[in-house]
Structure formats: structure tokens, C-alpha cells
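Q: Pasting in a structure now, in C-alpha cells, and then I'll have a few things to ask.
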Amino acid sequence: MVSGPHAVLSRRLARLDSSIVSDVLDELGVSGQVAAAEIRALAASMRVAGPAFCIQGREVGADDAVESPDPKPAYEMFRHMYAGCVAVLDTGGFHMAGPWGENTALSAAVRGCSGVVIDGGTRDGPELTGMQFPTFARFTTPVRIDHRWEHTGFEVPITIPAQVGSMITVNPGDFVLGDADGVVIVPADMVGDVIEAGEEVIRIENRIRNELVAGVDREDVYRRNPRFAHVTGP
């Protein structure tokens, strides 16, 4: 359950669709905030919204193989997770194994973490779906990360690939919204304005929908109900 200072914003953001939030950000002149389309929900019903808890890691190279990766960040990060946060994992482009899984999700969930977004893979797809832990990842795999990948830090700025443009910088506390369409990142200093604008878009779209169902001419409907006239751009 979302609690703490971000609770109200998280609940309001969760009522919006990622497509609406993406549209509003475009209108505000902040494009490129949607994660690459390959980062998908494990189940279409999965939905998550909340402040980002950023996690960073890297592939263990040949020069590192002599010693085991330092496990401390992998344990310590859970002690810093908080109610309502959404884990966002920058794997450094690692696509061999899954740095997340059932036990990872259990450890995160008991600290209040409400979901995870991974630029990479996860293990235990059926278990994560069964426990209804919102998980957005590129793929599932049985391959473990031992001696292949390591955590290097948490609650630091990270990057994940974007659907428009190249990369999105995610800062701790930026807001994350994930649903069946994808994942969008809202800068923390914009989230209030984005939510208010998105809520008005919903009201406008409800009018549009009702008029279209009533058989009103489509061109006339959209002319009389501009979706973004209330959004002030840069």
C-alpha cells in the first residue's frame, strides 16, 4: 500500500493511463520520457505508480572473475526501500541473466516497494505474476546472475532506454507509471502539473467518447473538445 508523503500523488497518477501522461509531457515540451517498448509488463493487468527507487548494476567482466562480486549493495538496498516506491533497475545493458526474481520481489515487497521496472530480465515469471507483484522487464530467463552481474549502487541517478530518443535519466524520487501500454517517467518537479493536466484530459475524453457514441460527427466533436488546450507548454 502506498503511504508517506508521495501517497496522494501516487494514487492520482495511478488513475491515469501511460498514454495520457505521455501526451501531456509531449505538450509540455518534455518528450522522450517513455521507456523502450521492449520493457513490458509480465501480465497485462499489472499496473504501478510511485516514486522511483533507483538501482544500478553492471556485468562482471573477465577481469572481475577472480573474485566474487561485492554482495553488500544487493543486501543494503532493501534496507532503504520505502512504502510506495517503485524499483527501477539499470542493468548497464546486461541481457544474459535475470537480476530480479521471486525472493527479490518478496524482500522488496515487505519493505513497501510496489513494483519494479527492469532494463533487462527477470527470473521466476510465473511466481511474480502469481504474487501480483507488478514487474516490467525485457524478458524472463532461468539464467542466474552469479559471477555474471553485480549491483553497484542504489538511489543514484540512472539511465534506461527510451522509446523516443536514446536514454531517459531517472533520478531518485522521479515518478514512474507503468501499465499495459508501457512505462513513463515523470520528473519529480513536474508531477503535480502533469497529474492535474492528465485529470482534465480524462474529463475531456469522457465528453468526446459520449458524443461519439451518440453519433455526433467526429470532426465536430474534436473541434469542440480540444484535448490539450488547457496544457501550457514551454
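The values are calculated or read from the model by the stated rules, or taken from the named source; none is laboratory data. If you're wondering where the values come from, they're calculated on a predicted model, not measured in any experiment. As a convention, Cβ positions derive from the backbone with ideal geometry for all residues, glycine included, and neighbour counts pool all protein chains shown.
Q: Limited to region 154-206, what total is found for residues that are on the phi > 0 side of the Ramachandran plot and at pLDDT below 95?
A: Of the residues in region 154-206, 1 are on the phi > 0 side of the Ramachandran plot and at pLDDT below 95.
Q: Shifting gears a bit: Does region 88-102 include one or more residues that are assigned to a helix (DSSP H, G or I), within 15 Å of P134 (Cβ to Cβ) and modelled with pLDDT of 95 or more?
A: Yes, region 88-102 has at least one match.
Q: Which ones in region 136-166 are under 18 Å from A74 (Cβ atoms) and part of a strand (DSSP E or B)?
A: A137, W149, E150, H151, T152, G153, F154, I158
Q: Related question: Consider region 131-143. How many of its residues are over 12 Å from M46 (Cβ atoms) and exposed (fewer than 14 other Cβ atoms within 10 Å of the Cβ)?
A: Result for region 131-143: 2.
Q: Output the residue which, of all residues in region 210-234 that are surrounded by 10 or more Cβ atoms within 10 Å (Cβ to Cβ) and of a type in the set (D, E, K, R), is nearest to V30 (Cα to Cα).
A: R227
Q: Pull out all pairs, ordered by first then second residue, where Cβ-Cβ is under 8 Å, the residues are six or more apart or on different chains, the first lies in region 223-234 and is at pLDDT 85 or above, and the second is in a loop (DSSP other than H, G, I, E, B).
A: Close Cβ pairs (under 8 Å, with a partner that is in a loop (DSSP other than H, G, I, E, B)) amount to V231/L28.
Q: Is there any pair with a first residue in region 3-25 that is over 19 Å from A180 (Cα atoms) and a second that is in a helix (DSSP H, G or I) and at pLDDT 95 or above whose Cβ atoms are under 6 Å apart and which are 6 or more apart or on different chains, and what are they?
A: L9/V191
Q: Being outside any loop (DSSP other than H, G, I, E, B) and not acidic (D, E) is the filter; apply it to region 27-41 and report the residue that is farthest from H95 (Cα to Cα).
A: Only one residue fits best here, namely V34.
Q: Using the structure shown, decide if I158 is surrounded by 15 or more Cβ atoms within 10 Å (Cβ to Cβ) and under 12 Å from the mean Cα position of the chain (by Cα).
A: In short, no.
Q: Taking H151 as the residue in question, decide whether it is over 15 Å from the mean Cα position of the chain (by Cα) and loosely packed, with under 15 Cβ neighbours inside 10 Å.
A: So H151 fails the test.
Q: Continuing with this model, one more query. Of the residues G112, G125, G98, G93, which is over 21 Å from G198 (Cβ atoms), in contact (Cβ under 8 Å) with a residue 24 or more places away in the chain, more than 15 Å from the chain's Cα centre (by Cα) and surrounded by 24 or more Cβ atoms within 10 Å (Cβ to Cβ)?
A: Result: G98 is the single residue among G112, G125, G98, G93 that is over 21 Å from G198 (Cβ atoms), in contact (Cβ under 8 Å) with a residue 24 or more places away in the chain, more than 15 Å from the chain's Cα centre (by Cα) and surrounded by 24 or more Cβ atoms within 10 Å (Cβ to Cβ).
Q: Only one of these conditions is not met by G198: (1) touching a Ser or Thr at 6+ places or on another chain (Cβ under 6 Å); (2) not in a loop (DSSP other than H, G, I, E, B). Which number is it?
A: Against the list (1) touching a Ser or Thr at 6+ places or on another chain (Cβ under 6 Å); (2) not in a loop (DSSP other than H, G, I, E, B), G198 comes up short only on (1).
Q: Next question. Sort out which residues of region 20-50 are farther than 21 Å from G120 by Cβ and surrounded by fewer than 15 Cβ atoms within 10 Å (Cβ to Cβ), and write them in order of number.
A: Across region 20-50, the qualifying residues are G29, S31, S45.
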